Protein chains: 4
Amino acid sequence: MPVKVIGFNGSPRKYGNTFKLLSIALNSARRHGAEVELIHLGDLTIKPCLGCLSDVQEACRYPCVIDDDMKEIYDKVLSANAIIIATPIYWYQPSGLVKNFVDRLTALENMIWISGRSWVEGKVAGVLAVGNDSGEMLVVSALTTTLITMGFVIPPFAIACFNENRDVLEDESTVLDAMNVGRSVALMAELMKKFKAEKWFSPDLLSRMRDVVEFSRRKALENMELQRSSRDSIVRKLLSR
Amino acid sequence: MPVKVIGFNGSPRKYGNTFKLLSIALNSARRHGAEVELIHLGDLTIKPCLGCLSDVQEACRYPCVIDDDMKEIYDKVLSANAIIIATPIYWYQPSGLVKNFVDRLTALENMIWISGRSWVEGKVAGVLAVGNDSGEMLVVSALTTTLITMGFVIPPFAIACFNENRDVLEDESTVLDAMNVGRSVALMAELMKKFKAEKWFSPDLLSRMRDVVEFSRRKALENMELQRSSRDSIVRKLLSR
Amino acid sequence: MPVKVIGFNGSPRKYGNTFKLLSIALNSARRHGAEVELIHLGDLTIKPCLGCLSDVQEACRYPCVIDDDMKEIYDKVLSANAIIIATPIYWYQPSGLVKNFVDRLTALENMIWISGRSWVEGKVAGVLAVGNDSGEMLVVSALTTTLITMGFVIPPFAIACFNENRDVLEDESTVLDAMNVGRSVALMAELMKKFKAEKWFSPDLLSRMRDVVEFSRRKALENMELQRSSRDSIVRKLLSR
Amino acid sequence: MPVKVIGFNGSPRKYGNTFKLLSIALNSARRHGAEVELIHLGDLTIKPCLGCLSDVQEACRYPCVIDDDMKEIYDKVLSANAIIIATPIYWYQPSGLVKNFVDRLTALENMIWISGRSWVEGKVAGVLAVGNDSGEMLVVSALTTTLITMGFVIPPFAIACFNENRDVLEDESTVLDAMNVGRSVALMAELMKKFKAEKWFSPDLLSRMRDVVEFSRRKALENMELQRSSRDSIVRKLLSR
């Protein structure tokens, strides 16, 4: 059975550079064996997150209390092996559309507090950011870090950006990057599927904590002994000024 | 043969929280089958990058023209399956020590222009950021994005942070995170080793570019037709104001 | 007449740390002579930006084509000398609520294309970011950079953050920071008001562009002559490898 | 007496786009009344920060314990009304050269712990970031946030970026931006000089802390009463799932 890759178009425009790059990445994922689907976030109603977990950590869970189109999206994400988020760059950040989508994904990630496992753990992700101007890496870095912390894998080169005020399809280098995002995401999704993963985040490691902390403390003390006289003399010199 | 994981301590202090978290992550990687090594960047002379590739793109290559301790580090990175970068947070960014180290890694990544392949492609990476105060995610996100673009994989949960002015070993949650960084990095390194990867970035995809661009353009045009009247009426309304 | 400072609470919760810090900053601004107002973004309907300027740059203008509560907010921002944005940290970024608010402010900034002047130019801004965990500086830096590029001034120390899972009112240092945000913003708003500013962004400088470019080019050439032999020998050495 | 603006070239290359944009900004500052100076960081030896304040907060002070070229730079910064940092973009961050420079500026900022005042407080700053590719806003945002937290003012539009692989002098829009950075920085430096500032960060506000905290707590409680039933019902609904 093929892996499933879903692409999310975070631009309200379905014909611009964001869409174009995403369609290229998905096309490439399909060529490398994946089943693909493209969803326009702009077609959906996705209300802002209510921040329930700040009231009670365990309150935030699947399905979210808000009754809107995220309901369907949660199930699509759960059924996918990989996602590709394509966002326009609005003020050096993802669009508000994408931000609300990401905020609401918390209902899957926060299941770690209820079922002991982030429900997106081990899925694969890629990111595309497209603007006329600048800010693409601020967008990409915030998104990839979020995805990693939620439990996604980011495979090699699974990032493509464009920040010029012209048709991205004329830019061979960016088109190639987007094709490689689709390919890398599809390959890694295959790999993750074959790998019968036990959990990627293991709370059980807590059982070894005492030993680990002791080991680290001892090593740090040994190092402190070695550096102490040189570091102390620096501080003394400074404090005497 | 076990996978090899190298941890880089980017703090000049060998006994502080940065070191402690790194030693925990490496300890955990070893428990999960890896061979590990810890290198203190502060013990090395790593001069600033000279930016040769801005003169001639192909000039930047292994070995770097600068004759300092990076020579040995290049070979260590090449022999490793994974790296973990542990950095103190200096003004919401990695320390200058870490920054020089990362800048100089370009000599391996830029081999893509000379040998058609980033020499760190397919290696695994994790990141630890430690401060007294704040900025950890700005540090982490810049580093992970850099690593992905260089060709590294970032496995799930391969990030741990601490930003308080007390002993990190007293913070159970962060210690657990660091243990999971070591474990996730070691597991993914195993996985990548088993996977006989062809290249993760494939310039050969260029051969299909014409079809791909055509496909994307056609889809965008179809979508534009569908959105045209509503979008046009919006713009007309605005321009008439 | 006192200066006017408006604070925007970007949390859906009106009683949490985000609100608390904001009320402290505004209280302090009032003590330093400002008239203040606090607006809960969660009480308003602020739909996502439609990205009209990607269709036609001049289309995006005041008032926005979307008929929702931003209408009133635009006028409030225009009447204010300063704003303070207080956001909760959702995945290392502002909440979707705040992001939509910021995206929609473009209708004021983009007036630079219609009337030759960003309508928020010369106003003052401060930023507060509050989370349980981490990411505050990624949030703050994206917001301050956006505000500067829109034409706001960011006065000294006009940033306060908190990222712990406890009552911020117990943290003396953060409370002091928030008081100073309010004070610094109020003082700078006074200063900007006294200063009869001509435009802060002057397109008229274009008239001197030819000279300026010539000057810069000449200086760069002089420097290149000085560095040429050493740089050339580096590149030659590398290329010969 | 004219205000003094110092520009720091953070590229090892003295003839590239980073230098060019900086020379334009400084040229513009001079045209608007400032005395200017350009310093090539690449000509100096600036060793990595030793992190002394992590040993003892008050240890880090002017002059830094490291005996290198920062000595002279500290005095130049102290004598200046404004600085402009021009950095090349190395991996979505400032160059290691710039990073070491910024890390070492801590010796001026940290005087707040010794003399009650950041020694760069009230100075003005602008930032230029130049790359072939991308990452400019991640660079700029980290630097501006750092500067604001150190006590600098960032005036309107005091940011310019370029991220293309061609001569920046051919790009009218970026040249205009750089001219405006120089102008905005010079104008604001004049303004700050006229303003006989008491401290911008006032620890004295601590004396009012009890009242302020009480006020904030009361307001939050009032708001909680208003939101309680709706928020509680949400959480109950979720927890029952």
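The values are calculated or read from the model by the stated rules, or taken from the named source; none is laboratory data. Quick caveat: nothing in here was measured; it's all calculated off a predicted structure. Note that we place each Cβ from the backbone using ideal geometry, even for glycine, and neighbour counts take in every protein chain shown.
Just one of the numbered conditions (1) within 18 Å of the chain's Cα centre (by Cα); (2) more than 25 Å from C:PHE101 (Cα to Cα); (3) part of a loop (DSSP other than H, G, I, E, B) is not true of A:LYS76; which one? A:LYS76 satisfies every listed condition except (3).
Please specify each residue of region D:185-241 satisfying the condition of being of a type in the set (Lys, Arg) and facing chain C (nearest Cβ under 8 Å). Residues satisfying the conditions are D:ARG208, D:ARG217, D:LYS219, D:ARG231.
Taken over region A:8-58, the criterion of being small (Gly, Ala, Ser) and either within 13 Å of chain B (Cβ to nearest Cβ) or surrounded by fewer than 19 Cβ atoms within 10 Å (Cβ to Cβ) (or both) is satisfied by A:SER11, A:GLY16, A:SER23, A:ALA25, A:SER28, A:ALA29, A:GLY33, A:GLY42.
Quick grid of which residues meet (1) buried (at least 18 other Cβ atoms within 10 Å of the Cβ); (2) among the small types (Gly, Ala, Ser); (3) over 23 Å from the mean Cα position of the chain (by Cα):
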{"site": "A:THR149", "(1), (2), (3)": "yes, no, no"}
{"site": "A:PHE162", "(1), (2), (3)": "yes, no, no"}
{"site": "A:ARG183", "(1), (2), (3)": "yes, no, no"}
{"site": "A:TRP200", "(1), (2), (3)": "yes, no, no"}
{"site": "A:LEU205", "(1), (2), (3)": "yes, no, yes"}
{"site": "A:ALA220", "(1), (2), (3)": "yes, yes, yes"}
{"site": "A:LEU239", "(1), (2), (3)": "no, no, yes"}
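Scan region D:79-104 residue by residue and report those that are farther than 18 Å from D:ALA189 by Cβ, of a type outside the set (Val, Ile, Thr) and either in a helix (DSSP H, G or I) or touching a residue at least 60 places away in the same chain (Cβ under 8 Å) (or both). Step through it out loud before you land on a result.
Step one: of region D:79-104, the residues farther than 18 Å from D:ALA189 by Cβ are D:87-104.
Now restrict to residues that are of a type outside the set (Val, Ile, Thr): D:88, D:90-97, D:99-101, D:103-104.
Hits for region D:79-104 are D:PRO88, D:PRO94, D:SER95, D:GLY96, D:LEU97, D:LYS99, D:ASN100, D:PHE101, D:ASP103, D:ARG104.
Does D:THR45 satisfy the condition of being at pLDDT 95 or above, assigned to a loop (DSSP other than H, G, I, E, B), of a type in the set (S, T, N, Q) and in the same structural domain as D:SER28 (by TED's automatic domain parsing)? Answer is yes for this residue.
If you go through region C:107-132 and keep only what is in a strand (DSSP E or B) and among the small types (Gly, Ala, Ser), you end up with C:ALA125, C:GLY126, C:ALA129, C:GLY131.
Here A:ASP211 meets the list (1) under 26 Å from B:PHE157 (Cβ atoms); (2) surrounded by 12 or more Cβ atoms within 10 Å (Cβ to Cβ) almost entirely, failing just condition (2). Taken over region B:99-130, the criterion of being over 13 Å from the mean Cα position of the chain (by Cα) and aromatic (Phe, Trp, Tyr) is satisfied by B:TRP113, B:TRP119. Could you check, for region C:98-108, whether at least one of its residues is farther than 30 Å from A:THR106 by Cβ and of a type outside the set (Lys, Arg)? Yes, because at least one residue in region C:98-108 is farther than 30 Å from A:THR106 by Cβ and of a type outside the set (Lys, Arg). The set of residues from region D:55-73 being among the hydrophobic types (A, V, I, L, M, F, W, C) and either outside the structural domain of D:LYS99 (by TED's automatic domain parsing) or in a loop (DSSP other than H, G, I, E, B) (or both) comprises D:VAL56, D:CYS60, D:CYS64, D:VAL65, D:ILE66.
Quick check, is A:SER115 closer than 21 Å to A:ALA25 by Cβ and among the polar types (S, T, N, Q)? If you could, list the steps in order and put the result at the bottom.
On the way: closer than 21 Å to A:ALA25 by Cβ: no; among the polar types (S, T, N, Q): yes.
So A:SER115 fails the test.
If you go through region A:133-163 and keep only what is at the interface with another protein chain (Cβ under 8 Å from one of its Cβ atoms), part of a loop (DSSP other than H, G, I, E, B) and modelled with pLDDT under 95, you end up with A:SER134, A:GLY135. Residue count for region A:83-99 under the criterion of being under 16 Å from C:LEU138 (Cβ atoms) and more than 7 Å from chain C (Cβ to nearest Cβ): the result is 4. With respect to the stated conditions, B:THR144 is in contact with a strand residue (DSSP E or B) (Cβ under 6 Å, 6 or more places away or on another chain) and among the hydroxyl-bearing types (Ser, Thr, Tyr). Screening D:SER115, D:SER141 for residues that are among the small types (Gly, Ala, Ser) and surrounded by fewer than 24 Cβ atoms within 10 Å (Cβ to Cβ) leaves exactly one candidate, D:SER115. Scanning region C:1-54 for residues that are closer than 18 Å to C:ARG183 by Cα, touching a Gly at 6+ places or on another chain (Cβ under 6 Å) and of a type in the set (A, V, I, L, M, F, W, C) returns C:LEU22, C:ALA25, C:LEU26, C:ALA29, C:LEU38. Among the conditions (1) out of contact with any helix residue (DSSP H, G or I) (no Cβ under 8 Å at 6 or more places or on another chain); (2) free of Cβ contacts under 8 Å to residues at least 12 places away in the same chain, D:VAL56 misses just one, which is (1).
In the condition set (1) within 14 Å of chain D (Cβ to nearest Cβ); (2) at pLDDT 95 or above; (3) surrounded by fewer than 18 Cβ atoms within 10 Å (Cβ to Cβ), B:ARG104 is compliant with all but (3). The number of residues in region C:183-241 that are basic (Lys, Arg) and not in a helix (DSSP H, G or I) comes to 3.
Filtering region B:12-67 to residues that are over 22 Å from the mean Cα position of the chain (by Cα) and among the β-branched types (Val, Ile, Thr) leaves B:VAL56, B:VAL65, B:ILE66.
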